[in-house]
Amino acid sequence: MTAPVQAISLRKGRLKRPEMATQWQLMWWKFKKHHMALVGMSLLAAFVFSAVFAEFLSPAVPSERNNSYLASGPMGIHFFDAEWDFHARPFVYARTTKRDPVTLRKLSVVDESNHWPIEFFVRGSTYKFWGLFETDIHLFGAKGGFIHLFGTDTLGRDVFTRTLHATRVSLSVGLAGVSFAFILGAIIGGIAGYFGGMIDNAIMRLIEFIRSVPSLPLWLALSAALPREWSSFQVYLAITVILALIGWTHLARTVRSKLLALREEDFTLAARLSGCTDMRIILRHLLPAFMSYMIVDVTIAFPEILLAETSLSFLGLGLREPVESWGVLLYAAQNVRSIAHMPWLLIPGLFVVFAVLAFNFVGDGMRDAADPYSK
Amino acid sequence: MIRFVINRFVYMVLTMAAVSVVAFVLIQLPPGDFADSYANKRQQAGAPITAEELDNMRHQLGIDRPWFVQYGKWVSNMVLEGDMGYSWEWRRPVTDLIGERLPLTLLLAFSTLILMYVVAIPIGIYSAVRQYSATDHIFSTVGYVGLATPNFLLALILMYLGQRWFGQSVGGLFSPEYQDAPWSWPRVVNLMEHLWVPVVVLGTAGTAYLIRTIRASTLDELDKMYVMAARAGGISPMRLLLKYPVRMALNPIVATLGWRLTYVISGAPIVGVVMSLPDTGPLFLHALLNQDMYLAGGMVLIYCAFTIIGTFISDLLLVLLDPRIRMEGQA
């Protein structure tokens, strides 16, 4: 009769029974103790959310040009107007265009007497949501005018919109690169660890060699060698492969060393004596035992790949327009002159920093959690 | 000991050979050869080149021969005559181009390396001894952010701030008046005034990483029994710290010196480009963007050579520092 009572208190999380918990439960408990890892986790969730719903969350479409707000700064959201009257509905000040009397350049001037209230679920430019259906509803927008939270670039494109869309590309390139690296590392590391001997030795030398060569110049040279006439999608795929070539060595090492260690464990011997096939031993007994370590390595490899992609694209050797990643956006901020006039073009860079930070925190938490039995 | 050194030396030579193959593959990788792109340029200029001329050119350059002959020629020229090929973009030998700019890259890399160790070792030890103190937390936070910021972004931010608050351009390595001046004491001072920005940019992430490693390895050592025994023996705390745990904690630091150098060399081109330094960075990027592959391949080779030599030196240093490795194979 005690069983239901215990189940309830378990669900409430009050009573933790380490001797009854599964491996993954133990890991989760340990992970939860790492506060920064939880912060990183929520940050990543936010990134993924904005990547998935980028079209809906952004007030414009990425290619849209606003000719009356060229190369102008972020527009602040206000609750109080110039007379310090409170507005329940936040607003941005209206902008009017004027010509500079000397240079004749179009200038955008703040018009404090006029407000553009911010509204939700407004109709704006049409877009195809996930390429499935057309709609023109955006999460927010400024009624009677426009809103550029992060300012605009020289063509009048909304930096906020473009950054959200770039989040999707950057994360997906990273994810594809990491997955590819994961497969590569698992296979090569698996071969090294399983066969041992000469093959193991050769693979280890190869990994050592790759790690002792300065990576960035090599990858820069590789991507520079891509044919110029390739479409942006082909380049996207090629860059993913190049990025994967950076990440796999670490994973292969982990897989190999864990395989070598686990091969000698008693439970492996027991499985072999019970007549399990090699494949079954690998998949049922060995793989689950070091899966957690591989996940840790993937989390650690992700920021590395993210930074590499950003650097490649920033130099104009990675992804190219019209594909937009954080690095592609930063390409516009390459020289001092443009950042002196338009510092807001560096905002996508902050996204990179936060994404890498989040991954590092989560990776730290996972590294501690991967071995839940250690103190 | 001798065997270890010979072992590492042979390994270094083999790695260099492997790198030269990689560099050569890179040179050959772009579709079409130099003759094609030259023909293209002539075509665009309105003076098309005949097929015969093209063949002559191929023959003259030796690019009509099989790849292993070309590779052999490239390597033997390099080793015997110090000739790394010809940059068609610059119409000058690759060796000259690299030779002009390499000293600055080296100066940058070594200043960065020195700064990294000078800053990271004391901070790392302090953070370990005063674990979870306010200072420790501050350094970890700075470290995390430093690790997460791409080099070029840091460079851009510093340049923006420099422009904004000091009204000076922090790009380049010399003020305009010293740009082409002969070497003199004021010019050296001027160089030092400019050098710290790229050094800081290049070194931040590495320093952050080093601090973390030193902190972790010192913490490991602090808990060991021999430290307690020494403390019980009444050695003064400072002497104890420096003589036992720190000495042990330095091993992994020296062992990874080669990797740190790899890391710095790896980051150098991009910083050079962003800050428009007169070092090899912009030259390299320019070569890549124009598929001037002899120059690009030569640069990859040079960058790799430095890290390989650096790794060799760090192996030797480790032998001097850690008797366990020295004894290996003797027992």
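The values are calculated or read from the model by the stated rules, or taken from the named source; none is laboratory data. Keep in mind the model is a prediction, meaning the values are calculated, not measured. Every residue, glycine as well, gets a Cβ built from its backbone with ideal geometry; the counts of neighbours run over all protein chains shown. Accessible surface areas use protein heavy atoms only, side chains included; no ligands, DNA or RNA. Shrake-Rupley method; radii C 1.70, N 1.55, O 1.52, S 1.80 Å.
Some observations on this one:
- Highest mean first, the peptides A:314-321, A:80-87, A:276-283, B:8-15 sorted by other C-beta atoms within 10 Å per residue fall in the order A:314-321, B:8-15, A:276-283, A:80-87.
- Normalised per residue, the accessible area of segment B:105-289 is 47 Å², obtained with a 1.4 Å probe and no contribution from ligands, DNA or RNA.
- The alpha carbon centroids of segment A:292-322 and segment B:101-159 are separated by 22 Å.
- Total lysine pairs whose alpha carbons fall under 27 Å of each other in chain A (8 or more apart, or interchain): 19
- J(HN,Hα) series, segment A:289-294, from Karplus relation 6.51 cos²θ - 1.76 cosθ + 1.60, nearest Hz, glycine and proline x: 6, 10, 4, 4, 5, 5
- For chain A: rounded, prolate or oblate by the Cα gyration tensor [a/c cutoff 1.5]: oblate
- Average Cα contact separation per residue, chain B, under 8 Å, 6 or more apart, as relative contact order %: 26 percent
- Close amide H pairs (under 5 Å, H built 1.01 Å from N) link A:Phe150 with A:Met75, A:Val159, A:Phe160, residues at least 5 positions away or on another chain.
- Positive-end ranking of B:Ala249, A:Gly76, A:Val255 along the dipole of the protein assembly as shown, with charges on Cβ about the Cα centre, is headed by B:Ala249.
- Computed over chain A, relative contact order equals 21 percent, with contacts defined as Cα pairs under 8 Å that lie 6+ residues apart.
- Computed [θ] at 222 nm, helices only, for chain A once each DSSP H run of length n ≥ 4 contributes -39500 (n - 2.57): -18500 deg cm²/dmol
- Cα shape, segment B:59-108, gyration tensor, a/c 1.5 rule: prolate
- Compactness of segment B:96-254 - radius of gyration and Dmax, Cα, Å: 20.1, 63
- In terms of the mean number of neighbouring beta-carbon atoms within 10 Å, the peptides B:84-91, B:210-217 order highest first as B:210-217, B:84-91.
- Per residue, segment A:162-369 exposes an accessible area of 40 Å² to a 1.4 Å probe, with every protein chain left in place.
- Once the 1.4 Å probe is applied to the protein heavy atoms, segment A:66-157 comes out at 62 Å² accessible per residue.
- Protection proxy ranking, highest mean first, for peptides B:195-201, A:258-264, A:51-57: B:195-201, A:51-57, A:258-264, where packing is the per-residue count of other beta-carbon atoms within 10 Å, averaged.
- Buried area at the B-A interface (accessible, heavy atoms, 1.4 Å probe, summed, Å²): 3600 Å²
- For segment A:339-344, Karplus couplings with θ = phi - 60° (6.51, -1.76, 1.60), whole Hz, Gly/Pro x: 6, 5, 7, 10, x, 5
- Degrees between helix A:197-211 axis and first principal axis of chain A (Cα, 0 to 90, nearest 10): 20 degrees
- Between helix A:347-370 and chain A: long-axis angle, C-alpha atoms, 0 to 90°, nearest 10: 20 degrees
- The Rg/Rh ratio for segment A:154-299 is 1.11, where Rg is the radius of gyration of the alpha carbons and Rh is the Kirkwood radius.
- Alpha-carbon radius of gyration plus Dmax, which is the widest Cα pair, for the protein assembly as shown in Å: 28.9, 97
- Shown for segment A:36-118 is the translational diffusion coefficient from the Stokes-Einstein equation, using the Kirkwood radius over Cα pairs, a temperature of 4 °C and a viscosity of 1.567 mPa s: 81 µm²/s.
- Inter-chain Cβ neighbour average for residues A:224-237, partner chain, 10 Å: 3
- Taking one quarter of the surface of the C-alpha convex hull of chain B gives a mean projected area of 23.9 nm².
- Net lengthening on full extension, A:Asn201/A:Lys106 (0.36 nm per residue, minus Cα-Cα): 27.6 nm
- By the Kirkwood approach, averaging reciprocal distances over each pair of separate Cα atoms, segment B:194-331 gets a hydrodynamic radius of 17.9 Å.
- Under the span-like rule (Cα at least 30 Å along the axis, Kyte-Doolittle mean at least -1.0), DSSP H helices of chain B: B:2-28, B:94-129, B:185-222, B:293-321
- To the nearest ten degrees, helix A:35-52 and the longest principal axis of the Cα atoms of chain A are 60 degrees apart.
- Summarised as an ellipsoid, segment A:66-157 has semi-axes of 25, 21, 9 Å, derived from the eigenvalues of the Cα gyration tensor scaled by 5 and square-rooted, with the largest first.
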